[in-house]
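Student: Next up is a structure, given as structure tokens.
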Amino acid sequence: MAIVIQEALDGDIPRACEIETAAYKPANLGAVFFPGPFPSTGWGGRASQIIAMRRDDPTCTLLKAVDEDTGDIIAFAKWNVYKTPEAVASSPLRPVPSGPGVNEEACKAFFGGLVQRKQVIMGTKPHIYLHMLHTDPKHQRRGAASALIRWGTQKADELGLPVYLESSAEGHVLYNRHGFKDIEIFEVDLKPFGQDKIHCAPLMLREVPQ
């Protein structure tokens, strides 16, 4: 069953939101960040936010991994390619998830903290940023995530740029295989939001190949 990488259309974004929510469930983070209930109209608020990221930011590319046999979208990624310091400085900051069904305070604590650390670590240095990568849990270990990662690492090699990302514990080994190394561990206390431990996210960098 072949997997093909294509640019995501606006009409694909509700499915991307569905995958995003499902991807957080194994770590019990879905109930923290996206507890619901969601409106009967679906993922309108979050989908509109992601669509606006591309509309308002020329550095943004939204990609989907499609099962060629079924036509189903099984994974989704958002990349930002910052070729110059000016592109970094003028690009909108990563928005914190918001809207119906979203725990905005929990998202501000975690995702807002990630925004701050990226600003400190990368500054205005030209780089490529993997903002989002989510795979439907029912389709993991089929190579969809690796295919989406390769899109960015190949672009980085063409442009001679480092690649920055924030990893989950589950994705850490995969990113290591693609040449990413830990540069810092971001920690956030999610106990006020129902978690019983500190949540850790490795911040990772793939240097420019020599």
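The values are calculated or read from the model by the stated rules, or taken from the named source; none is laboratory data. Worth saying up front: this structure is predicted, and the values here are computed from it rather than measured. Backbone-built Cβ (ideal geometry, glycine too); neighbour counts: all protein chains shown.
Student: Return the only residue of Phe193, Phe180, Phe110 being within 18 Å of the chain's Cα centre (by Cα) and over 29 Å from Asp67 (Cα atoms).
Tutor: Exactly one residue qualifies, and that residue is Phe110.
Student: Considering only residues that are over 19 Å from Leu63 (Cα atoms) and either of a type in the set (Val, Ile, Thr) or part of a loop (DSSP other than H, G, I, E, B) (or both), which ones fall in region 120-136?
Tutor: Val120, Ile121, Gly123, Thr124, Lys125, Pro126
Student: Cβ-Cβ under 7 Å, sequence separation 6+ or interchain: first residue in region 110-122 and touching a residue at least 24 places away in the same chain (Cβ under 8 Å), partner exposed (fewer than 14 other Cβ atoms within 10 Å of the Cβ) and part of a helix (DSSP H, G or I). Which pairs?
Tutor: none
Student: A follow-up question, please. Confirm whether Leu148 is among the hydrophobic types (A, V, I, L, M, F, W, C), in contact (Cβ under 8 Å) with a residue 24 or more places away in the chain and part of a strand (DSSP E or B).
Tutor: no
Student: Return the residues of region 84-104 that are outside any loop (DSSP other than H, G, I, E, B) and surrounded by fewer than 12 Cβ atoms within 10 Å (Cβ to Cβ); say none if nothing qualifies.
Tutor: Within region 84-104, Glu86, Ala89 qualify.
Student: From the list Ser168, Ser98, which residue is under 28 Å from Glu68 (Cβ atoms) and at pLDDT below 95?
Tutor: It is Ser168.
Student: Further, regarding this structure: Can you tell me which residues in region 176-200 are more than 27 Å from Gln154 (Cβ to Cβ), assigned to a strand (DSSP E or B) and acidic (Asp, Glu)?
Tutor: Glu187, Asp189
Student: Hey, Ile128 hits all of (1) within 14 Å of the chain's Cα centre (by Cα); (2) crowded, with 17+ Cβ neighbours inside 10 Å; (3) more than 15 Å from Leu165 (Cβ to Cβ) but one; which does it fall short on?
Tutor: (3)
Student: Something else about it: How many of the residues in region 62-78 are without any contact (Cβ under 8 Å) to a residue 60 or more places away in the chain and assigned to a strand (DSSP E or B)?
Tutor: 3
Student: Oh, and also: When you scan region 137-155, do you find a residue that is modelled with pLDDT of 90 or more, under 22 Å from Asp56 (Cα atoms) and surrounded by fewer than 14 Cβ atoms within 10 Å (Cβ to Cβ), even just one?
Tutor: no
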